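Visitor: The structure is given below, and queries will be raised subsequently.
The values are calculated or read from the model by the stated rules, or taken from the named source; none is laboratory data. Source: prediction; values computed, not measured. Counting neighbours? That spans all protein chains shown, and the Cβs are built from the backbone with ideal geometry, glycine included. Just so you know, the surface numbers come from the protein's heavy atoms only, side chains and all, with ligands and any DNA or RNA stripped out. Shrake-Rupley method; radii C 1.70, N 1.55, O 1.52, S 1.80 Å.
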2 protein chains.
Amino acid sequence: MKCYKCLSKSEAAHNLDAEQLSKMESNCGQVKYEAGEVIFKQNALSSNIIYIRKGLVKTTLEINGRQQILKINKAPAYLGLPTTIGDKINHYSAVSITDVSACIIDINVFNELLRVNSDFSYDIILSLCKSELEYLNACFNRMQKQSAGRLAESLLYFSESIYNADAFTLPLTRCELGNLTGNSREIVSRTLQKFHQDEIIAIDGKLIKILDKKRLNQICKSG
Amino acid sequence: MKCYKCLSKSEAAHNLDAEQLSKMESNCGQVKYEAGEVIFKQNALSSNIIYIRKGLVKTTLEINGRQQILKINKAPAYLGLPTTIGDKINHYSAVSITDVSACIIDINVFNELLRVNSDFSYDIILSLCKSELEYLNACFNRMQKQSAGRLAESLLYFSESIYNADAFTLPLTRCELGNLTGNSREIVSRTLQKFHQDEIIAIDGKLIKILDKKRLNQICKSG
DNA sequence: AAAATAATGTGATTTAGGACACTAATCGGA
DNA sequence: TCCGATTAGTGTCCTAAATCACATTATTTT
(Lines give C-alpha, C1' and ligand atoms only; values in the text may rest on other atoms or scores of the structure.)
Protein backbone atom coordinates (compact mmCIF):
# COMPACT_ATOMS: atom_id res chain seq x y z
CA MET A 1 0.00 0.00 0.00
CA LYS A 2 1.24 3.47 -0.84
CA CYS A 3 2.04 5.76 2.08
CA TYR A 4 0.62 8.84 0.39
CA LYS A 5 -2.86 7.38 0.28
CA CYS A 6 -2.65 5.67 3.64
CA LEU A 7 -5.59 6.65 5.83
CA SER A 8 -3.97 5.62 9.08
CA LYS A 9 -0.89 7.78 8.62
CA SER A 10 0.49 9.32 11.79
CA GLU A 11 -0.13 12.94 12.71
CA ALA A 12 3.57 13.60 12.18
CA ALA A 13 3.64 11.92 8.76
CA HIS A 14 1.06 14.38 7.45
CA ASN A 15 3.90 16.89 7.35
CA LEU A 16 5.89 14.82 4.88
CA ASP A 17 5.83 15.82 1.22
CA ALA A 18 5.42 13.38 -1.68
CA GLU A 19 9.12 12.80 -2.10
CA GLN A 20 9.67 12.19 1.61
CA LEU A 21 6.69 9.83 1.76
CA SER A 22 7.99 7.80 -1.14
CA LYS A 23 11.40 7.66 0.52
CA MET A 24 9.71 6.31 3.64
CA GLU A 25 7.60 3.91 1.60
CA SER A 26 10.57 2.29 -0.05
CA ASN A 27 12.25 1.71 3.31
CA CYS A 28 9.29 0.47 5.21
CA GLY A 29 7.77 -2.97 5.60
CA GLN A 30 4.10 -3.61 6.30
CA VAL A 31 3.60 -6.44 8.74
CA LYS A 32 0.69 -8.17 10.38
CA TYR A 33 0.95 -9.79 13.78
CA GLU A 34 -1.46 -12.13 15.48
CA ALA A 35 -2.22 -11.60 19.15
CA GLY A 36 0.68 -12.68 21.31
CA GLU A 37 3.53 -12.20 18.85
CA VAL A 38 6.76 -10.56 19.89
CA ILE A 39 7.35 -7.40 17.86
CA PHE A 40 10.70 -6.60 19.34
CA LYS A 41 12.62 -7.98 22.25
CA GLN A 42 14.37 -6.40 25.19
CA ASN A 43 18.18 -6.46 24.82
CA ALA A 44 18.02 -7.06 21.08
CA LEU A 45 19.60 -4.54 18.75
CA SER A 46 17.08 -1.91 17.80
CA SER A 47 17.20 -0.79 14.22
CA ASN A 48 13.58 -0.04 13.37
CA ILE A 49 10.85 2.32 14.37
CA ILE A 50 7.48 0.58 14.59
CA TYR A 51 4.33 2.43 13.68
CA ILE A 52 1.16 0.66 14.81
CA ARG A 53 -1.67 1.22 12.37
CA LYS A 54 -4.18 -1.08 13.99
CA GLY A 55 -4.35 -3.01 17.24
CA LEU A 56 -3.01 -3.04 20.78
CA VAL A 57 0.54 -3.69 21.89
CA LYS A 58 1.99 -4.06 25.36
CA THR A 59 5.49 -2.91 26.17
CA THR A 60 7.11 -4.91 28.92
CA LEU A 61 10.23 -4.74 31.03
CA GLU A 62 11.69 -7.89 32.50
CA ILE A 63 14.48 -8.15 35.05
CA ASN A 64 15.25 -11.05 37.37
CA GLY A 65 12.27 -12.95 36.02
CA ARG A 66 9.87 -10.28 37.17
CA GLN A 67 7.79 -8.65 34.51
CA GLN A 68 6.37 -5.15 34.44
CA ILE A 69 3.97 -4.04 31.74
CA LEU A 70 4.97 -0.46 31.05
CA LYS A 71 2.12 0.59 28.89
CA ILE A 72 -0.73 -0.52 26.67
CA ASN A 73 -0.07 1.12 23.31
CA LYS A 74 -3.06 1.76 21.10
CA ALA A 75 -2.95 2.47 17.38
CA PRO A 76 -2.16 4.89 15.90
CA ALA A 77 1.15 5.18 17.68
CA TYR A 78 4.88 4.97 17.26
CA LEU A 79 6.43 2.22 19.28
CA GLY A 80 9.85 2.27 20.73
CA LEU A 81 10.99 5.72 19.73
CA PRO A 82 12.89 6.12 23.01
CA THR A 83 14.43 2.69 22.92
CA THR A 84 15.43 2.92 19.25
CA ILE A 85 16.65 6.50 19.14
CA GLY A 86 17.92 6.70 22.71
CA ASP A 87 20.10 3.59 22.70
CA LYS A 88 21.47 0.85 20.49
CA ILE A 89 19.65 -1.95 22.28
CA ASN A 90 16.02 -2.27 23.27
CA HIS A 91 15.34 -1.48 26.89
CA TYR A 92 11.99 -3.23 26.72
CA SER A 93 9.97 -5.70 24.67
CA ALA A 94 6.82 -5.17 22.63
CA VAL A 95 4.18 -7.89 22.27
CA SER A 96 0.90 -7.66 20.38
CA ILE A 97 -2.18 -8.28 22.49
CA THR A 98 -4.65 -8.16 19.61
CA ASP A 99 -4.10 -8.64 15.90
CA VAL A 100 -1.87 -5.79 14.81
CA SER A 101 -1.01 -4.06 11.54
CA ALA A 102 2.28 -2.25 11.69
CA CYS A 103 4.82 -0.47 9.54
CA ILE A 104 8.46 -1.20 10.22
CA ILE A 105 10.53 1.84 9.35
CA ASP A 106 14.28 1.80 9.02
CA ILE A 107 15.85 3.96 11.72
CA ASN A 108 18.25 5.63 9.30
CA VAL A 109 15.42 6.77 7.06
CA PHE A 110 13.47 7.91 10.07
CA ASN A 111 16.44 9.90 11.33
CA GLU A 112 16.90 11.46 7.91
CA LEU A 113 13.27 12.55 7.86
CA LEU A 114 13.73 14.09 11.31
CA ARG A 115 16.67 16.06 9.90
CA VAL A 116 15.05 17.35 6.75
CA ASN A 117 11.52 18.04 7.90
CA SER A 118 11.26 20.14 11.02
CA ASP A 119 7.46 19.96 11.15
CA PHE A 120 7.74 16.20 11.21
CA SER A 121 10.36 16.30 13.92
CA TYR A 122 8.39 18.82 15.95
CA ASP A 123 5.39 16.48 15.98
CA ILE A 124 7.67 13.68 17.13
CA ILE A 125 8.94 15.92 19.92
CA LEU A 126 5.35 16.65 20.87
CA SER A 127 4.44 13.00 21.04
CA LEU A 128 7.53 12.18 23.08
CA CYS A 129 6.64 14.94 25.53
CA LYS A 130 3.07 13.75 25.86
CA SER A 131 4.16 10.19 26.34
CA GLU A 132 6.55 11.26 29.08
CA LEU A 133 3.77 13.10 30.88
CA GLU A 134 1.68 9.93 30.70
CA TYR A 135 4.50 7.90 32.19
CA LEU A 136 4.92 10.35 35.03
CA ASN A 137 1.26 10.08 35.81
CA ALA A 138 1.43 6.32 35.70
CA CYS A 139 4.50 6.42 37.88
CA PHE A 140 2.72 8.40 40.54
CA ASN A 141 -0.34 6.24 40.23
CA ARG A 142 1.68 3.11 40.79
CA MET A 143 3.86 4.50 43.55
CA GLN A 144 1.40 6.30 45.74
CA LYS A 145 -1.81 4.38 45.41
CA GLN A 146 -2.71 1.06 46.79
CA SER A 147 -3.99 -2.03 45.10
CA ALA A 148 -7.62 -1.03 44.56
CA GLY A 149 -6.72 2.47 43.40
CA ARG A 150 -4.24 1.20 40.86
CA LEU A 151 -6.70 -1.33 39.55
CA ALA A 152 -9.48 1.24 39.34
CA GLU A 153 -7.15 3.47 37.36
CA SER A 154 -6.46 0.67 34.90
CA LEU A 155 -10.12 -0.14 34.38
CA LEU A 156 -10.86 3.53 33.74
CA TYR A 157 -7.92 3.67 31.36
CA PHE A 158 -9.25 0.76 29.33
CA SER A 159 -12.72 2.20 29.36
CA GLU A 160 -11.82 5.77 28.49
CA SER A 161 -8.57 5.66 26.55
CA ILE A 162 -8.65 2.30 24.83
CA TYR A 163 -12.27 1.34 24.16
CA ASN A 164 -14.32 4.49 24.70
CA ALA A 165 -17.02 2.34 26.23
CA ASP A 166 -18.32 1.36 29.64
CA ALA A 167 -18.34 -2.30 28.67
CA PHE A 168 -15.35 -4.00 27.12
CA THR A 169 -13.47 -7.25 26.85
CA LEU A 170 -10.29 -7.03 28.85
CA PRO A 171 -7.42 -7.93 26.49
CA LEU A 172 -5.27 -9.15 29.37
CA THR A 173 -5.28 -12.13 31.71
CA ARG A 174 -5.56 -11.49 35.45
CA CYS A 175 -1.88 -12.19 35.68
CA GLU A 176 -1.03 -9.58 33.05
CA LEU A 177 -3.35 -7.11 34.72
CA GLY A 178 -1.26 -7.77 37.80
CA ASN A 179 1.94 -7.09 35.87
CA LEU A 180 0.46 -3.84 34.63
CA THR A 181 -0.79 -2.58 37.97
CA GLY A 182 1.90 -3.98 40.20
CA ASN A 183 -0.29 -6.52 41.92
CA SER A 184 -0.23 -10.25 42.31
CA ARG A 185 -2.63 -12.31 40.24
CA GLU A 186 -4.58 -13.18 43.38
CA ILE A 187 -5.06 -9.60 44.50
CA VAL A 188 -6.34 -8.70 41.03
CA SER A 189 -8.92 -11.49 41.25
CA ARG A 190 -10.01 -10.58 44.73
CA THR A 191 -10.19 -6.84 44.11
CA LEU A 192 -12.21 -7.26 40.91
CA GLN A 193 -14.49 -9.60 42.85
CA LYS A 194 -14.83 -6.95 45.52
CA PHE A 195 -15.75 -4.29 42.94
CA HIS A 196 -18.29 -6.74 41.58
CA GLN A 197 -19.84 -7.35 45.00
CA ASP A 198 -20.04 -3.62 45.61
CA GLU A 199 -21.78 -3.26 42.25
CA ILE A 200 -19.14 -0.92 40.92
CA ILE A 201 -18.47 -3.20 37.98
CA ALA A 202 -20.00 -6.34 36.48
CA ILE A 203 -17.67 -9.19 35.51
CA ASP A 204 -18.15 -12.17 33.31
CA GLY A 205 -14.74 -13.65 32.70
CA LYS A 206 -12.88 -11.10 30.62
CA LEU A 207 -16.01 -9.11 29.94
CA ILE A 208 -16.13 -6.07 32.15
CA LYS A 209 -18.82 -3.47 32.49
CA ILE A 210 -18.42 -0.36 34.56
CA LEU A 211 -21.66 0.22 36.46
CA ASP A 212 -20.74 3.03 38.82
CA LYS A 213 -18.10 5.14 37.14
CA LYS A 214 -18.40 7.81 39.80
CA ARG A 215 -17.45 5.45 42.59
CA LEU A 216 -14.69 3.89 40.50
CA ASN A 217 -13.28 7.35 39.89
CA GLN A 218 -13.39 8.05 43.56
CA ILE A 219 -11.50 4.86 44.39
CA CYS A 220 -8.99 5.76 41.71
CA LYS A 221 -8.46 9.29 43.01
CA SER A 222 -8.45 8.64 46.73
CA GLY A 223 -6.03 5.76 46.20
CA MET B 1 26.71 36.84 29.91
CA LYS B 2 26.74 36.14 26.20
CA CYS B 3 25.43 32.76 25.07
CA TYR B 4 28.08 32.36 22.38
CA LYS B 5 30.87 32.33 24.91
CA CYS B 6 28.98 30.38 27.56
CA LEU B 7 30.99 27.39 28.69
CA SER B 8 28.04 25.53 30.18
CA LYS B 9 25.98 25.58 27.00
CA SER B 10 23.89 22.50 26.38
CA GLU B 11 24.94 19.80 23.93
CA ALA B 12 22.02 20.80 21.74
CA ALA B 13 22.87 24.50 21.82
CA HIS B 14 26.26 23.80 20.27
CA ASN B 15 24.37 23.33 17.02
CA LEU B 16 23.06 26.88 17.04
CA ASP B 17 24.75 29.45 14.84
CA ALA B 18 25.67 32.99 15.93
CA GLU B 19 22.38 34.47 14.84
CA GLN B 20 20.33 31.79 16.55
CA LEU B 21 22.34 32.13 19.73
CA SER B 22 21.84 35.85 19.82
CA LYS B 23 18.13 35.33 19.26
CA MET B 24 18.11 32.96 22.23
CA GLU B 25 20.21 35.34 24.30
CA SER B 26 17.84 38.23 23.88
CA ASN B 27 14.89 36.10 25.01
CA CYS B 28 16.51 34.41 27.92
CA GLY B 29 16.91 35.39 31.55
CA GLN B 30 19.73 34.26 33.75
CA VAL B 31 18.57 33.49 37.26
CA LYS B 32 20.14 32.27 40.46
CA TYR B 33 18.19 30.25 43.01
CA GLU B 34 19.13 29.42 46.56
CA ALA B 35 18.53 25.88 47.81
CA GLY B 36 14.86 25.28 48.43
CA GLU B 37 13.38 27.78 46.00
CA VAL B 38 10.49 26.87 43.74
CA ILE B 39 11.50 27.18 40.09
CA PHE B 40 8.11 26.31 38.69
CA LYS B 41 4.97 25.00 40.23
CA GLN B 42 2.64 22.16 39.34
CA ASN B 43 -0.63 23.40 37.79
CA ALA B 44 0.80 26.80 36.93
CA LEU B 45 0.88 27.88 33.30
CA SER B 46 4.11 26.82 31.70
CA SER B 47 5.66 29.31 29.33
CA ASN B 48 9.39 28.81 29.77
CA ILE B 49 12.01 26.18 29.22
CA ILE B 50 14.52 26.07 32.07
CA TYR B 51 18.10 25.18 31.40
CA ILE B 52 20.08 24.34 34.55
CA ARG B 53 23.68 25.47 34.24
CA LYS B 54 24.75 24.64 37.77
CA GLY B 55 23.19 22.80 40.70
CA LEU B 56 20.63 20.16 41.54
CA VAL B 57 16.88 20.38 41.14
CA LYS B 58 14.17 17.98 42.22
CA THR B 59 11.00 17.57 40.20
CA THR B 60 8.02 16.60 42.32
CA LEU B 61 4.48 15.48 41.76
CA GLU B 62 1.87 16.12 44.42
CA ILE B 63 -1.65 14.75 44.55
CA ASN B 64 -3.91 14.41 47.56
CA GLY B 65 -1.17 15.75 49.82
CA ARG B 66 1.13 12.89 48.89
CA GLN B 67 4.39 13.86 47.32
CA GLN B 68 6.49 11.88 44.88
CA ILE B 69 9.95 13.07 43.86
CA LEU B 70 10.16 12.13 40.20
CA LYS B 71 13.81 12.77 39.60
CA ILE B 72 16.93 14.52 40.78
CA ASN B 73 18.01 16.69 37.87
CA LYS B 74 21.69 17.53 37.65
CA ALA B 75 23.17 20.35 35.62
CA PRO B 76 23.63 20.59 32.70
CA ALA B 77 20.04 19.73 31.84
CA TYR B 78 16.83 21.05 30.42
CA LEU B 79 14.03 21.07 32.90
CA GLY B 80 10.42 20.63 32.07
CA LEU B 81 10.59 20.05 28.36
CA PRO B 82 7.71 17.55 28.54
CA THR B 83 5.58 19.68 30.78
CA THR B 84 6.17 22.89 28.80
CA ILE B 85 5.96 21.51 25.29
CA GLY B 86 3.49 18.72 26.00
CA ASP B 87 0.83 20.75 27.77
CA LYS B 88 -0.21 24.26 28.72
CA ILE B 89 0.10 23.69 32.44
CA ASN B 90 2.88 22.15 34.48
CA HIS B 91 2.28 18.56 35.47
CA TYR B 92 4.92 18.76 38.17
CA SER B 93 6.92 21.23 40.25
CA ALA B 94 10.64 21.96 40.23
CA VAL B 95 12.48 22.96 43.41
CA SER B 96 16.20 23.67 43.76
CA ILE B 97 17.99 21.47 46.27
CA THR B 98 21.33 23.25 46.03
CA ASP B 99 22.15 26.75 44.82
CA VAL B 100 21.26 26.79 41.15
CA SER B 101 22.16 28.89 38.12
CA ALA B 102 19.61 28.65 35.37
CA CYS B 103 18.58 30.19 32.08
CA ILE B 104 14.91 30.83 31.53
CA ILE B 105 14.12 30.55 27.84
CA ASP B 106 10.89 31.73 26.29
CA ILE B 107 8.96 28.77 24.90
CA ASN B 108 8.15 30.57 21.64
CA VAL B 109 11.79 31.23 20.92
CA PHE B 110 12.66 27.69 21.86
CA ASN B 111 9.98 26.34 19.53
CA GLU B 112 11.27 28.55 16.74
CA LEU B 113 14.78 27.21 17.21
CA LEU B 114 13.40 23.68 17.05
CA ARG B 115 11.80 24.59 13.72
CA VAL B 116 14.77 26.23 12.05
CA ASN B 117 17.64 24.08 13.28
CA SER B 118 17.15 20.37 12.82
CA ASP B 119 20.44 19.45 14.50
CA PHE B 120 19.29 21.32 17.56
CA SER B 121 15.92 19.61 17.49
CA TYR B 122 17.49 16.20 16.92
CA ASP B 123 19.59 16.63 20.04
CA ILE B 124 16.47 17.57 21.96
CA ILE B 125 14.76 14.43 20.66
CA LEU B 126 17.77 12.42 21.79
CA SER B 127 17.66 13.87 25.28
CA LEU B 128 13.90 13.27 25.53
CA CYS B 129 14.39 9.66 24.51
CA LYS B 130 17.18 9.12 27.01
CA SER B 131 15.20 10.72 29.76
CA GLU B 132 12.26 8.45 29.00
CA LEU B 133 14.46 5.38 29.20
CA GLU B 134 15.68 6.60 32.59
CA TYR B 135 12.12 6.99 33.79
CA LEU B 136 11.22 3.51 32.65
CA ASN B 137 14.14 2.12 34.56
CA ALA B 138 13.22 4.09 37.63
CA CYS B 139 9.62 2.99 37.27
CA PHE B 140 10.59 -0.65 37.23
CA ASN B 141 12.98 -0.12 40.07
CA ARG B 142 10.27 1.39 42.19
CA MET B 143 7.58 -1.07 41.23
CA GLN B 144 9.34 -4.37 41.50
CA LYS B 145 11.86 -3.92 44.25
CA GLN B 146 11.32 -3.66 47.91
CA SER B 147 12.39 -1.03 50.36
CA ALA B 148 16.08 -1.89 50.73
CA GLY B 149 16.56 -2.43 47.00
CA ARG B 150 15.01 0.91 46.14
CA LEU B 151 17.11 2.69 48.72
CA ALA B 152 20.29 0.98 47.56
CA GLU B 153 19.50 2.08 44.03
CA SER B 154 19.15 5.67 45.17
CA LEU B 155 22.43 5.66 47.07
CA LEU B 156 24.21 4.24 44.04
CA TYR B 157 22.54 6.85 41.87
CA PHE B 158 23.80 9.68 44.06
CA SER B 159 27.23 8.14 44.22
CA GLU B 160 27.62 7.33 40.54
CA SER B 161 25.46 9.75 38.62
CA ILE B 162 25.38 12.83 40.81
CA TYR B 163 28.63 13.03 42.77
CA ASN B 164 31.00 10.55 41.13
CA ALA B 165 32.31 9.71 44.56
CA ASP B 166 31.92 7.02 47.20
CA ALA B 167 31.44 9.62 49.91
CA PHE B 168 28.97 12.45 49.56
CA THR B 169 26.61 14.69 51.46
CA LEU B 170 23.07 13.64 50.81
CA PRO B 171 21.20 16.71 49.55
CA LEU B 172 17.87 15.38 50.82
CA THR B 173 16.27 14.87 54.21
CA ARG B 174 15.25 11.36 55.23
CA CYS B 175 11.69 12.37 54.47
CA GLU B 176 12.57 13.50 50.95
CA LEU B 177 14.59 10.35 50.41
CA GLY B 178 11.39 8.55 51.32
CA ASN B 179 9.43 10.59 48.76
CA LEU B 180 12.01 9.69 46.14
CA THR B 181 12.14 5.98 46.86
CA GLY B 182 8.53 5.41 47.84
CA ASN B 183 9.24 4.69 51.48
CA SER B 184 8.15 6.23 54.73
CA ARG B 185 10.62 8.43 56.60
CA GLU B 186 10.93 5.79 59.31
CA ILE B 187 11.78 2.96 56.93
CA VAL B 188 14.47 5.12 55.34
CA SER B 189 16.03 5.72 58.75
CA ARG B 190 15.88 2.11 59.76
CA THR B 191 17.17 0.75 56.48
CA LEU B 192 20.10 3.17 56.36
CA GLN B 193 20.85 2.17 59.95
CA LYS B 194 20.76 -1.45 58.90
CA PHE B 195 23.19 -0.79 56.02
CA HIS B 196 25.42 0.97 58.54
CA GLN B 197 25.34 -1.97 60.98
CA ASP B 198 26.16 -4.36 58.14
CA GLU B 199 29.09 -2.10 57.24
CA ILE B 200 27.80 -1.53 53.74
CA ILE B 201 27.79 2.23 54.27
CA ALA B 202 28.96 4.66 56.93
CA ILE B 203 26.58 7.41 58.04
CA ASP B 204 27.15 10.63 59.89
CA GLY B 205 23.99 12.64 59.57
CA LYS B 206 23.73 13.56 55.89
CA LEU B 207 27.25 12.43 55.19
CA ILE B 208 27.25 9.06 53.53
CA LYS B 209 30.14 6.88 52.53
CA ILE B 210 29.74 3.70 50.56
CA LEU B 211 32.04 1.08 52.06
CA ASP B 212 30.98 -2.06 50.23
CA LYS B 213 29.77 -1.10 46.79
CA LYS B 214 29.66 -4.71 45.68
CA ARG B 215 27.17 -5.68 48.35
CA LEU B 216 25.13 -2.51 47.79
CA ASN B 217 24.94 -3.36 44.11
CA GLN B 218 23.78 -6.82 44.96
CA ILE B 219 21.02 -5.52 47.23
CA CYS B 220 20.02 -3.13 44.47
CA LYS B 221 19.89 -5.83 41.80
CA SER B 222 18.32 -8.62 43.75
CA GLY B 223 15.66 -6.21 45.03
C1' DA C 1 21.35 32.19 74.14
C1' DA C 2 16.71 30.86 74.62
C1' DA C 3 12.73 29.43 72.23
C1' DA C 4 10.58 27.55 68.42
C1' DT C 5 10.66 24.56 64.61
C1' DA C 6 12.07 20.96 61.90
C1' DA C 7 14.52 16.62 61.29
C1' DT C 8 15.74 12.18 63.07
C1' DG C 9 15.74 7.70 65.71
C1' DT C 10 13.20 3.83 67.82
C1' DG C 11 9.77 0.72 69.79
C1' DA C 12 4.99 -1.08 69.45
C1' DT C 13 1.04 -2.01 66.61
C1' DT C 14 -1.54 -2.77 62.53
C1' DT C 15 -2.36 -4.02 57.90
C1' DA C 16 -1.99 -4.52 52.95
C1' DG C 17 -0.73 -7.56 50.01
C1' DG C 18 2.45 -11.43 48.59
C1' DA C 19 3.14 -16.60 48.75
C1' DC C 20 1.36 -21.06 48.88
C1' DA C 21 -1.95 -24.66 48.20
C1' DC C 22 -5.61 -26.34 46.17
C1' DT C 23 -9.88 -26.61 43.24
C1' DA C 24 -12.58 -25.21 39.37
C1' DA C 25 -13.12 -23.64 34.89
C1' DT C 26 -11.82 -22.62 30.32
C1' DC C 27 -9.08 -23.01 26.23
C1' DG C 28 -6.62 -24.92 22.43
C1' DG C 29 -4.92 -28.57 19.84
C1' DA C 30 -4.77 -33.30 17.84
C1' DT D 1 -14.54 -34.71 21.45
C1' DC D 2 -11.39 -35.62 24.71
C1' DC D 3 -7.12 -34.29 27.31
C1' DG D 4 -3.42 -31.57 28.94
C1' DA D 5 -2.41 -26.88 29.87
C1' DT D 6 -3.29 -22.39 30.97
C1' DT D 7 -6.20 -19.32 33.58
C1' DA D 8 -9.14 -18.08 37.44
C1' DG D 9 -11.10 -18.15 42.32
C1' DT D 10 -10.44 -18.70 47.27
C1' DG D 11 -8.87 -19.78 51.99
C1' DT D 12 -4.84 -19.50 55.15
C1' DC D 13 -0.67 -17.80 56.56
C1' DC D 14 3.11 -14.58 56.91
C1' DT D 15 6.05 -10.73 56.06
C1' DA D 16 7.24 -6.03 54.63
C1' DA D 17 6.26 -1.77 55.52
C1' DA D 18 2.96 1.96 56.93
C1' DT D 19 1.40 4.21 60.95
C1' DC D 20 1.40 5.80 65.61
C1' DA D 21 3.64 7.68 69.52
C1' DC D 22 7.24 9.64 71.64
C1' DA D 23 12.13 10.80 72.66
C1' DT D 24 15.97 13.19 70.90
C1' DT D 25 18.61 15.92 68.40
C1' DA D 26 19.74 19.74 64.81
C1' DT D 27 18.59 24.20 62.88
C1' DT D 28 16.53 28.48 62.62
C1' DT D 29 14.65 32.53 64.41
C1' DT D 30 14.35 36.36 67.32
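Visitor: Inside the stretch A:140-223, counting only helices (runs of 4 or more DSSP H) that do not spill past its ends, which hold 3 or more residues that are touching a residue at least 40 places away in the same chain (Cβ under 8 Å) and away from every other protein chain (no Cβ under 14 Å)? Break it down stepwise before answering.
Guide: Working: elements: A:147-157, A:174-181, A:185-197, A:213-222.
Of the helices (runs of 4 or more DSSP H) lying wholly inside the stretch A:140-223, those with at least 3 residues that are touching a residue at least 40 places away in the same chain (Cβ under 8 Å) and away from every other protein chain (no Cβ under 14 Å) span A:147-157, A:185-197.
Visitor: List the number of the failed condition for B:PHE158; all other conditions in (1) touching a strand residue (DSSP E or B) at 6+ places or on another chain (Cβ under 9 Å); (2) at pLDDT 95 or above; (3) within 26 Å of B:ARG66 (Cβ to Cβ); (4) within 12 Å of DNA strand D (Cβ to nearest atom) hold.
Guide: For B:PHE158, the failing item is (4).
Visitor: Which condition number in (1) more than 19 Å from A:SER127 (Cβ to Cβ); (2) at pLDDT 95 or above; (3) in the same structural domain as B:PHE40 (by TED's automatic domain parsing) is the one that B:LEU151 fails?
Guide: Here B:LEU151 meets the rest and fails (3).
Visitor: Please specify each residue of the stretch B:136-153 satisfying the condition of being away from DNA strand C (no atom under 14 Å from the Cβ) and touching a helix residue (DSSP H, G or I) at 6+ places or on another chain (Cβ under 6 Å).
Guide: Correct list: B:CYS139, B:ASN141, B:ALA148, B:ARG150, B:ALA152, B:GLU153.
Visitor: Another question, then. Could you check, for the stretch A:57-73, whether at least one of its residues is within 14 Å of chain B (Cβ to nearest Cβ), more than 25 Å from A:ARG174 (Cβ to Cβ) and in contact with a helix residue (DSSP H, G or I) (Cβ under 8 Å, 6 or more places away or on another chain)? Spell out how you get there, then give the answer.
Guide: Taking the stretch A:57-73 as the starting set, the residues that turn out to be within 14 Å of chain B (Cβ to nearest Cβ) are A:58-71, A:73.
This time we only want the ones that are more than 25 Å from A:ARG174 (Cβ to Cβ), so: none.
Scanning the stretch A:57-73, I find no residue that is within 14 Å of chain B (Cβ to nearest Cβ), more than 25 Å from A:ARG174 (Cβ to Cβ) and in contact with a helix residue (DSSP H, G or I) (Cβ under 8 Å, 6 or more places away or on another chain), so the answer is no.
Visitor: For B:SER118, are the conditions met, namely being in the same structural domain as B:ALA18 (by TED's automatic domain parsing), away from DNA strand D (no atom under 13 Å from the Cβ) and open to solvent by 10 Å² or more (accessible area, probe 1.4 Å)?
Guide: In short, yes.
Visitor: Now for a different question. Considering only residues that are within 30 Å of A:PRO76 (Cα to Cα), more than 10 Å from DNA strand C (Cβ to nearest atom), of a type outside the set (D, E, K, R) and crowded, with 18+ Cβ neighbours inside 10 Å, which ones fall in the stretch A:158-198?
Guide: Result: A:PHE158, A:SER159, A:LEU170, A:PRO171, A:LEU172, A:LEU177, A:ASN179, A:LEU180, A:LEU192.
Visitor: Please verify whether the stretch A:129-139 includes one or more residues that are within 14 Å of another protein chain (Cβ to nearest Cβ), touching a Leu at 6+ places or on another chain (Cβ under 9 Å) and within 16 Å of DNA strand D (Cβ to nearest atom).
Guide: yes
Visitor: How many residues does the stretch B:205-223 hold that are within 28 Å of B:ALA94 (Cα to Cα), within 12 Å of DNA strand C (Cβ to nearest atom) and open to solvent by 10 Å² or more (accessible area, probe 1.4 Å)?
Guide: So the first thing to find is which residues in the stretch B:205-223 are within 28 Å of B:ALA94 (Cα to Cα), and the list is B:205-209, B:220.
So of that shortlist, the ones also within 12 Å of DNA strand C (Cβ to nearest atom) come out as B:205-208.
Retained after the next criterion (residues that are open to solvent by 10 Å² or more (accessible area, probe 1.4 Å)): B:205-207.
The total comes to 3.
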